[in-house]
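Worksheet for the structure shown next.
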């Protein structure tokens, strides 16, 4: 297994945090980092002690769930709560920040924003980041980078394909399986 980069490591942390999300519309995670050390983390969910969207449904006003705090804001609030300055730090987030989170990130002194997925990328948010001299970098995240069983899964999939072929499975039956294997493992031919 190949060693992942620091960017991949921190992005993986954000994806792990997203698994704690209580939002049914989109699970987002954010990790705040300074000098290759995690200083804060958050996910989108309700305030502590309140009802969660996964329990009561989203409370939507003007197409936005007002029940939740976004991951980036939660991560920055965690820094504030425990007395850790975010000034000059970086944030790794699973999805491009919304406009409100963009403003919060800028005001908190974050210098670099790394995001994995495009999500309603606001041109105004990009303009604000540029004006504030906040570097914004798209880092695609491959789940397979942190899958310790990836090689075993690949070997098993190939064994299954070989077995199906030896049993005389038709090209029509094999095609969806082959396409899925190609997609999952990023290969051209199986």
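The values are calculated or read from the model by the stated rules, or taken from the named source; none is laboratory data. Given the structure is predicted, the values throughout are model-derived calculations rather than measurements. As a convention, Cβ positions derive from the backbone with ideal geometry for all residues, glycine included, and neighbour counts pool all protein chains shown.
Of the residues examined, residue 190 is not one that is part of a helix (DSSP H, G or I), modelled with pLDDT under 85 and outside the structural domain of residue 17 (by TED's automatic domain parsing). Here the range 176-187 is the region considered, the condition is being modelled with pLDDT of 80 or more and surrounded by 11 or more Cβ atoms within 10 Å (Cβ to Cβ), and the residue that is farthest from residue 156 (Cα to Cα) is 179.
Give me the residue from the range 1-24 that is modelled with pLDDT under 90 and touching a helix residue (DSSP H, G or I) at 6+ places or on another chain (Cβ under 9 Å) and, out of that set, nearest to residue 46 (Cα to Cα). This residue is 23.
With respect to residue 114, determine if the residue is in contact (Cβ under 8 Å) with a residue 60 or more places away in the chain, under 30 Å from residue 182 (Cβ atoms) and buried (at least 23 other Cβ atoms within 10 Å of the Cβ). Taking the combined requirement at face value, the residue does not satisfy it. For residue 50, the conditions (1) modelled with pLDDT under 95; (2) not in a loop (DSSP other than H, G, I, E, B) are fulfilled apart from (2).
For the range 29-36, check the following and say yes or no: at least one residue is in contact with a helix residue (DSSP H, G or I) (Cβ under 7 Å, 6 or more places away or on another chain), surrounded by fewer than 18 Cβ atoms within 10 Å (Cβ to Cβ), more than 15 Å from residue 116 (Cβ to Cβ) and at pLDDT 90 or above. Scanning the range 29-36, I find at least one residue that is in contact with a helix residue (DSSP H, G or I) (Cβ under 7 Å, 6 or more places away or on another chain), surrounded by fewer than 18 Cβ atoms within 10 Å (Cβ to Cβ), more than 15 Å from residue 116 (Cβ to Cβ) and at pLDDT 90 or above, so the answer is yes. Restricting attention to the range 42-61, the residues being closer than 23 Å to residue 117 by Cβ and surrounded by fewer than 22 Cβ atoms within 10 Å (Cβ to Cβ) number 6. From the list 26, 16, 76, the one residue that fits, being surrounded by 13 or more Cβ atoms within 10 Å (Cβ to Cβ), under 20 Å from residue 94 (Cα atoms) and in contact (Cβ under 8 Å) with a residue 60 or more places away in the chain, is 26.
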